[in-house]
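Notes for the one structure printed next.
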Amino acid sequence: MTDSSSDRFVRSHLKTRHLVLLVELGRHGSIAHAAQAANLTQPGASKLLGELEHALGVQLFERLSRGVAPTWYGKVLIRRAGAALAEMDAAHQEVMELLSGLRGRVGIGTVLAPATGLVPKAINLLKARHSRVHVAVSMSTSKALVERLRGGELDLVVGRILDTAAADELNFEPLTDEPHLLIAGAGHPLAGRTDLRLEDLMDQCWILPPAGSILRDRLTALFLSHGLEQPAETVETLDLPVVASLLMSNDMIVALPSDAVQPYLEAGLMTILPFDLGVSMDSFGIVTRKRHQLSPGAEAMLLALRDAAASIYPHYRPPA
């Protein structure tokens, strides 16, 4: 049930230009630049911001010598404003889709493993059913993708929910776990070894995901739990073509799900090193926003993801 004070705030004080200004302030960190992006004068933007702060009774932005920085209250308003504007854009898109047949744009985010199998298969299914739906795919870490989902920039994410504070806002439909193996180029000097120890791997050049990713954290914990320093020689990337090229042209190693590089393994271009990392990964799944109605195009993408998952993951059962 909607709180009466919140209802009065939305109906009496909040206007679309407030939302636009908040989003632009979050992007630019400057009233002057935000005003220009929102097609407002600087005095007009300052007045709108003052109205919001007066209506809420809190400071939304700290005034600095070179711009502004959002307070915690401001960060909440910026995120919610972005989601509200995305909702209105989705409403316009949905009306256009209904007028002209299923079309429009779907934004989907994915972590690495499903980006090489599940997501492409789901897109092929979607295109076979609704060829005019435009799909925009982003690949990153779960944390970054879920933040974009919460802000309304993405419709769906195939990944994990790592921030428990955001869990109440999100739906999670588990698909499968993601066992990681140690992968190297076929000609790697360690490829023929059967007695590998973690200490033997410390002198190798590791390809690692960015700091803050769940795999990076668990690999770090693995080294530390054995009293070892982090590998001294590393390359940091999530880009699979870059990873593949590095593995096949250098003596590097990487922790990946075998599905991510299966064509290379089958072609004999890469090999699995006989070492059990013991790194367990939480299940990834389909993440959507609660209390948010997907557009017809996004609903079709969700159905395609479920159908593709049912054909790939033996233990997955789509919702009834």
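What follows draws every value from the coordinates through simple rules; no lab data is involved. Bear in mind the structure is a predicted one, so any value in this text is a computation, not a measurement. Here the Cβ is made from the backbone with ideal geometry for all residues, glycine too, and neighbour counts use every protein chain on show.
Side notes on the structure shown:
- Antiparallel DSSP beta bridges within the chain, percent to nearest 5: 55 percent
- For segment 4-79, the square roots a ≥ b ≥ c of the C-alpha gyration tensor eigenvalues yield an a/c of 1.5 or more together with a/b exceeding b/c, which makes the shape prolate.
- Label of the coordinate-derived value, Cα extents along the principal axes in Å, listed as (i) 71, 51, 35; (ii) 58, 51, 43; (iii) 85, 74, 28: (i)
- Kyte-Doolittle mean at least 0.0, axial Cα span of 30 Å or more - DSSP H helices of the chain: 72-100
- Low-density loop positions, trypsin sites (Lys or Arg not before Pro), segment 119-226 - DSSP coil, at most 14 other Cβ in 10 Å: ARG132, ARG193, ARG197
- Residue-wise HN-Hα couplings along segment 151-164, as the Karplus relation 6.51 cos²θ - 1.76 cosθ + 1.60 with θ = phi - 60° gives them from phi, are x, x, 7, 10, 8, 9, 9, 9, x, 10, 9, 9, 9, 5 Hz; Gly and Pro carry x.
- Global form of segment 172-221, assessed from the alpha-carbon gyration tensor, a/c cut-off 1.5: prolate
- Shape category assigned to segment 181-272 from the gyration tensor of Cα positions, a/c cut at 1.5: oblate
- Among the GluC sites (Glu not before Pro) within segment 232-284, those in coil by DSSP and having at most 12 neighbouring Cβ atoms inside 10 Å are GLU233.
- DSSP bridge pairs, segment 181-272: antiparallel proportion in percent, nearest 5: 55 percent
- Taking amide H as placed 1.01 Å from N in the peptide plane, THR237 has its amide H under 5 Å from the amide H of LEU208, each at least 5 places away in sequence or on another chain.
- For segment 304-320 versus segment 253-286, the spacing of their alpha-carbon centroids is 21 Å.
- Taking 21 Å as the limit for the C-alpha separation, the pairs LYS143/LYS290; LYS15/LYS290; LYS47/LYS75; LYS75/LYS143; LYS127/LYS290 exceed it in the case of LYS15/LYS290; LYS127/LYS290.
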